[in-house]
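A quick write-up on the structure given underneath.
The values are calculated or read from the model by the stated rules, or taken from the named source; none is laboratory data. Computed from a predicted model, the values in this text were never measured in an experiment. A quick note on method: Cβ atoms are made from the backbone with ideal geometry, for glycine too, and the neighbour counts reach across all protein chains shown.
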Amino acid sequence: MKDSEIKFERPRPTFPKRAVVTTGMPYGNKTLHFGHVGMALRGDFFARFLRDRIGKDNVIFVSGTDCYGSTSVESFRKLKEEGALDDCATVKDFVEKNHNLQAKTFADFEIGFNLFGGSALGRAGEIHKDMSAWFLNTLTKAGMISKHSSWQFFDKKHNCLLNGRQVVGKCPVEGCLSDHGYADECSLGHQYLPQDLIDPISTLSGEKPTLIKVENLYFNLEDCIPELKAWIEEISHDGDTPPFMVKEINEFFKHPMIYIKRQYFDMFNAIKNTLPPHTELDRDEKAPSMAIVFEKLTDREKACEILASHDIHYRTGKTLTPFRLTCDIDWGVPCPESAGVKNQTFYVWPESLWAPITFTKTYLESQHKPADEWKKFWCDKDAKVYQFLGEDNLYFYGPAQQAMFLYMQGSKPVLHPENGQLQLTKICPIKSILYMNSKASSSGSLKPPAASEFLKYYTSDQFRIHFMAMNLTNNNVSLSPKAFNPDAKDGDPDPMVLEGNLLTNVYNRILRTVFYSTQNNFGGVIPKCEIDDEVISTCKNAILNYERFMADKKFHQVYNCVDVFIRNINKYWVKGVNNADENALKKLTANTLQMIVTADILLHPIVPKSSENVADYIGLDLNKCFDWENIFKPFYQVLNDARGGKLTTLKEKEDFFRRSNWQLEEFLRLNTQEN
């Protein structure tokens, strides 16, 4: 049956001609924990699907180590003091060591980046310097860069300015639950002014640092509210934009606010006439706090200084502030002199936002493409960039990045840039991946296990399909592996292998059954029969549902779709095999193989190596079978001609999807105890 002969009852989703997929970049100060891999898997599922759907040469999947910044400097300093880094003479050595370990871990989980680079390493590091200068110069010409004297922490005991991670305190943003506030951002991604940090302490001296004025360059983010409101309003109507993302970003468009607790009401009343113009909200004497609203951020800053001078404690509300571009830390991308500010480096967050462009350009250069080939992926209306990230980073990839990208057009940007200009990206955020129902963090009290530890207890396939099944689009989801749970009992099921049973039990069973039957009844040669229309229709419906869920990035629904389809293959075989004569068995085998091949194509983005192994056993042409140009065709048309329709001989008790040695040992141990 030709593609043109298949009638679709509903419109199919459309896809770009070319795509870039990116994921959040891990810091260069550590190896990976399960959250890093879980996030990267979201991008990997989608990138692999797009390669099958629109062609592998049209999809570039990139990420890399976020090399620069105070996190790496501070970790290097501490480890050096502890004598734990004899093999690293410099911060760059330390970051490169971690980068190599990160790349290996991603590869062990079959995450198929076209390039996993490093913002300070090799050719990518060289290109990144040029890319950073291009952004600064272009935004300066657009009139969006300003010089501000801002407060920065200074340690008198050590006579030095403190970088972002050398100051710890409490986040000043009202309602924040972060366990770590740093100089101007907390562990949950809230941005604030350094002078608003509550109870700051220097990690160098353990004492309270002072504040001194330092000049830095800023992007005028607070001036971009009209454009950003139009952007979030438009994407809020997309079916695949999570409501929590719209709500979170809209909160940044509020006027600058201060919250004061009730015990300070009388003190506030005594000095409120000295504050800049403001409006009081929730002025209820019984309320736990009241809100004070200002028209301008500078008015709020002045009010904060007055309140602090009278020992009135306060918290600030979310709002857009000037986005800092530069800093005084040596370990950073060199920043060109601008507006009289020189000898500075880029603050790590802004340069990490254009790092994926750097990695795209680096990859294409390695493929001997023209120097401006990257623009076909980032600056063309026929292309799309999909960015997978955690909700903690929505401020940066949302308002900050989209505004900078818009103003790369010039001083009067339009929401839909012309070809040749940077296009706005598609943000694909997820909720938090918890650990044992709690928030785990490398900097918190509950430390997440290293990602590499999981492969001692679970296979890559089990880990991948478990993360595919998580409904992270809408909810926080807990990872609760039995192997790491000290409270788990022998008889308890292991949540980490639940979805994997679809592969190790159900799919394995139908594969083995059909392959052994073909070997025993037909000499291992696939019988050639016309595929029933009912089977074609069943496969088509599964494909179309799967395609829609993938387009919407609803990966838990993708898993459900595949789960139902594979279980129905087993039911179809069992129902038809009883009392089937030779001709009926030939027909049943052909029909069942059609469904198996469809299932294998749908599994390809989820468990790539194993699905390719299954395809090879069947004798499919690996260059054709996963190409969606052929997905509605009878599987005979994508067989490898050289194989002549003959299956690879399947040995007795051979499995396509296996459990880990630890799981097998646990199974034997429990059975021995029962006996």
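For the reader, a short list of remarks on this structure follows.
- Restricting attention to segment 174-214, the residues being in a loop (DSSP other than H, G, I, E, B) and either touching a Leu at 6+ places or on another chain (Cβ under 9 Å) or of a type outside the set (Gly, Ala, Ser) (or both) number 20.
- Of all residues in segment 57-74 being assigned to a helix (DSSP H, G or I) and without any contact (Cβ under 8 Å) to a residue 60 or more places away in the chain, the one that is nearest to the chain's Cα centre (by Cα): Asn58
- Leading residue by the ranking (surrounded by the fewest Cβ atoms within 10 Å (Cβ to Cβ)) among those in segment 381-424 that are free of Cβ contacts under 8 Å to residues at least 60 places away in the same chain and touching a strand residue (DSSP E or B) at 6+ places or on another chain (Cβ under 8 Å): Gln423
- Among the residues listed as Asp621, Asp600, Asp641, the single one being charged (D, E, K, R) and buried (at least 21 other Cβ atoms within 10 Å of the Cβ): Asp600
- Considering residues of segment 444-456 that are of a type outside the set (A, V, I, L, M) and in contact with an Asp or Glu (Cβ under 9 Å, 6 or more places away or on another chain) only, the residue modelled with the highest pLDDT: Ser452
- The set of residues from segment 643-670 being part of a helix (DSSP H, G or I) and at pLDDT 90 or above comprises Arg643, Asn661, Trp662, Gln663, Leu664, Glu665.
- Meets criteria (in contact with a helix residue (DSSP H, G or I) (Cβ under 7 Å, 6 or more places away or on another chain) and assigned to a helix (DSSP H, G or I)) for Gln673: no
- Scanning segment 123-144 for residues that are touching a helix residue (DSSP H, G or I) at 6+ places or on another chain (Cβ under 8 Å) and outside any helix (DSSP H, G or I) yields Ala142, Met144.
Condition check ((1) in contact with a Ser or Thr (Cβ under 7 Å, 6 or more places away or on another chain); (2) assigned by TED's automatic domain parsing to the domain that holds Ala40; (3) over 30 Å from Pro429 (Cβ atoms)) across all residues:
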{"site": "Asn475", "(1), (2), (3)": "no, no, no"}
{"site": "Ala488", "(1), (2), (3)": "no, no, yes"}
{"site": "Arg512", "(1), (2), (3)": "no, no, yes"}
{"site": "Gln519", "(1), (2), (3)": "yes, no, yes"}
{"site": "Lys571", "(1), (2), (3)": "no, no, yes"}
{"site": "Asp581", "(1), (2), (3)": "no, no, yes"}
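- Only a single criterion out of (1) more than 30 Å from Ser460 (Cα to Cα); (2) modelled with pLDDT under 95 is not satisfied by Ser72, namely (1).
- Of the criteria (1) outside any helix (DSSP H, G or I); (2) of a type in the set (Asp, Glu); (3) on the phi < 0 side of the Ramachandran plot, which one Glu110 fails: (3)
- Yes/no for Leu446 being farther than 30 Å from Trp354 by Cβ, part of a loop (DSSP other than H, G, I, E, B) and either in contact with a Gly (Cβ under 7 Å, 6 or more places away or on another chain) or not assigned by TED's automatic domain parsing to the domain that holds Phe396 (or both): yes
- Per-region count, segment 248-288, residues among the hydroxyl-bearing types (Ser, Thr, Tyr) and either surrounded by 14 or more Cβ atoms within 10 Å (Cβ to Cβ) or assigned by TED's automatic domain parsing to the domain that holds Phe396 (or both): 2
- Flag if Ser150 is surrounded by 15 or more Cβ atoms within 10 Å (Cβ to Cβ), without any contact (Cβ under 8 Å) to a residue 40 or more places away in the chain, not in a helix (DSSP H, G or I) and not hydrophobic (A, V, I, L, M, F, W, C): no
- Lone unmet requirement of (1) in a helix (DSSP H, G or I); (2) modelled with pLDDT of 95 or more; (3) surrounded by 14 or more Cβ atoms within 10 Å (Cβ to Cβ); (4) of a type in the set (A, V, I, L, M, F, W, C) for Leu217: (1)
- The residue list Lys412, Lys381 contains one member that is assigned by TED's automatic domain parsing to the domain that holds Asn58, within 23 Å of Val59 (Cβ to Cβ) and charged (D, E, K, R), which is Lys381.
- So Phe626, is it touching a Cys at 6+ places or on another chain (Cβ under 8 Å), modelled with pLDDT of 95 or more, assigned by TED's automatic domain parsing to the domain that holds Val525 and of a type outside the set (Asp, Glu): no
- Any strands (runs of 3 or more DSSP E) falling wholly within segment 356-438 and containing at least 3 residues that are modelled with pLDDT under 95 and under 22 Å from the mean Cα position of the chain (by Cα): 433-435
- Checked against the criterion of being in a helix (DSSP H, G or I), farther than 30 Å from Leu415 by Cα and either out of contact with any strand residue (DSSP E or B) (no Cβ under 9 Å at 6 or more places or on another chain) or of a type in the set (A, V, I, L, M, F, W, C) (or both), segment 165-173 contains one or more residues that satisfy it.
- Some residue of segment 65-74 being surrounded by fewer than 24 Cβ atoms within 10 Å (Cβ to Cβ) and more than 30 Å from Leu422 (Cα to Cα): yes
- Near pairs, Cβ below 7 angstrom, 6+ apart or cross-chain, from segment 450-467 (surrounded by fewer than 22 Cβ atoms within 10 Å (Cβ to Cβ)) to any residue that is β-branched (Val, Ile, Thr) and in a loop (DSSP other than H, G, I, E, B): Ala450/Thr31
- For segment 334-355, the tally of residues that are touching a helix residue (DSSP H, G or I) at 6+ places or on another chain (Cβ under 6 Å), surrounded by fewer than 19 Cβ atoms within 10 Å (Cβ to Cβ) and not in a strand (DSSP E or B) stands at 1.
- Filter result for Val562 (crowded, with 22+ Cβ neighbours inside 10 Å and in the same structural domain as Leu639 (by TED's automatic domain parsing)): yes
- Among the residues of segment 530-548, those identified as assigned to a helix (DSSP H, G or I) and surrounded by fewer than 14 Cβ atoms within 10 Å (Cβ to Cβ) are Asp533, Glu534, Ser537, Asn541.
- Test result for Ala488, farther than 24 Å from Val564 by Cα, outside any loop (DSSP other than H, G, I, E, B) and of a type in the set (A, V, I, L, M, F, W, C): no
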